[in-house]
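Written out below as structure tokens is the structure these notes cover.
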Amino acid sequence: MSIVGRIVLWEGASLWTFDVPPSRGEGPTSGLHAHHAIQLTLSAGGRFAIRTKDGRTEGPAVFVAPDVPHEFEPEGKIALVFVEPESRAGAALMQQMNGAPVTCPDIARLEDALAGLMGIWTNPQPDNGAIEAIGRKILENAVGEALPPSPLDPRIARMLVWLVPRLRDRVELAEAAAIACLSESRFSHLFSAEIGLPFRTYVLWRRLMLAVEWTAAGSSLTTAAHEAGFADSAHFSRTFRRMFGLPAASLRLIQAPAR
């Protein structure tokens with residue numbers, strides 16, 4: 001099944017918008033999967049449900065915490081905002097969720113921002129800047145009056161800045177630990193405590209997001225995989241399916257209109 005949509009990424013977050021055709025059979029469109037990001041799923045005229053081991057939660061707005069295995073049942077026009085938990089917005093949302101795997105935000109807080117979503121499917125199509133503005137507004141409204149998040153440990157924050165331009169390369173744990181001025185064992189413990197993932201798993205997630213960015217810009221899966229540091233497109237595709245529950249090849253992304 002081909003799913004038509006747009007993906008726009010900015011620092012710490014991304015907005016994915018899709019028009020999902022009706023499922024031909026029963027059950028979720030996606031397989032069981034889990035990913036590092038906080039996921040806010042929104043109805044933009046369509047409908048959806050999230051399944052976890054604790055049950056089934058329907059829209060119009062649902063948060064899924066990082067690394068929570070879930071299945072996704074979308075139909076029609078839906079939007080997903082993925083937020084890096086270590087970003088300021090992500091840390092604030094984690095405080096709001098208070099350890100719950102799935103929560104439903106106050107939809108009234110999001111109504112103004114949600115109104116802009118419907119324009120994504122109009123003609124002429126909005127450019128990426130306009131879609132990013134919609135995503136940022138949704139995220140700003142979702143965060144609301146959350147308490148200011150605690151900053152990352154500066155040693156981990158320094159290493160993350162160092163990591164970004166090196167994602168295409170083979171990044172060794174020892175190198176990252178040296179940037180943080182820590183032993184490998186102490187770095188591994190501190191990184192997991194601060195980020196919530198082992199270092200190598202986090203690097204894989206960031207490479208996946210980089211490959212998604214290249215794909216959203218119109219690159220082939222092979223080019224996206226190469227530019228993000230995956231061994232080949234098959235490795236990228238396996239990772240995408242494991243973290244999002246469907247094959248990357250099933251996404252038919254509309255390119256931003258020329259201006």
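The values are calculated or read from the model by the stated rules, or taken from the named source; none is laboratory data. Quantities reported herein were computed from a predicted structural model and do not represent experimental measurements. When we count neighbours, we look across all protein chains shown, and the Cβ atoms used for this are built from the backbone with ideal geometry, even at glycine.
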Original post:
Thr215 versus (1) at pLDDT 90 or above; (2) part of a helix (DSSP H, G or I); (3) under 20 Å from the mean Cα position of the chain (by Cα): which is the lone unmet condition?
Top reply: (1)
Subject >> Whichever residue in the range 99-119 is assigned to a loop (DSSP other than H, G, I, E, B) and either at pLDDT 90 or above or among the aliphatic types (A, V, I, L, M) (or both) and, among such residues, is farthest from Asp67 (Cα to Cα) >> reply: Cys104
Original post:
What residue, of Leu251, Leu208, Leu221, is within 25 Å of Pro74 (Cβ to Cβ) and not assigned by TED's automatic domain parsing to the domain that holds Arg158?
Top reply: Leu251
Original post:
Of all residues in the range 186-241, which are under 24 Å from Gly129 (Cα atoms) and among the charged types (D, E, K, R)?
Top reply: Arg206, Arg207, Glu213, Glu227
Original post:
Can you name the condition, by its number, that Gly31 falls short on among (1) surrounded by 17 or more Cβ atoms within 10 Å (Cβ to Cβ); (2) touching a residue at least 40 places away in the same chain (Cβ under 8 Å); (3) touching a Leu at 6+ places or on another chain (Cβ under 8 Å)?
Top reply: (1)
Original post:
If you scan the range 218-253, which residues turn out to be touching a strand residue (DSSP E or B) at 6+ places or on another chain (Cβ under 8 Å) and either aromatic (Phe, Trp, Tyr) or in a helix (DSSP H, G or I) (or both)?
Top reply: Arg241, Arg242, Met243, Phe244, Ser250
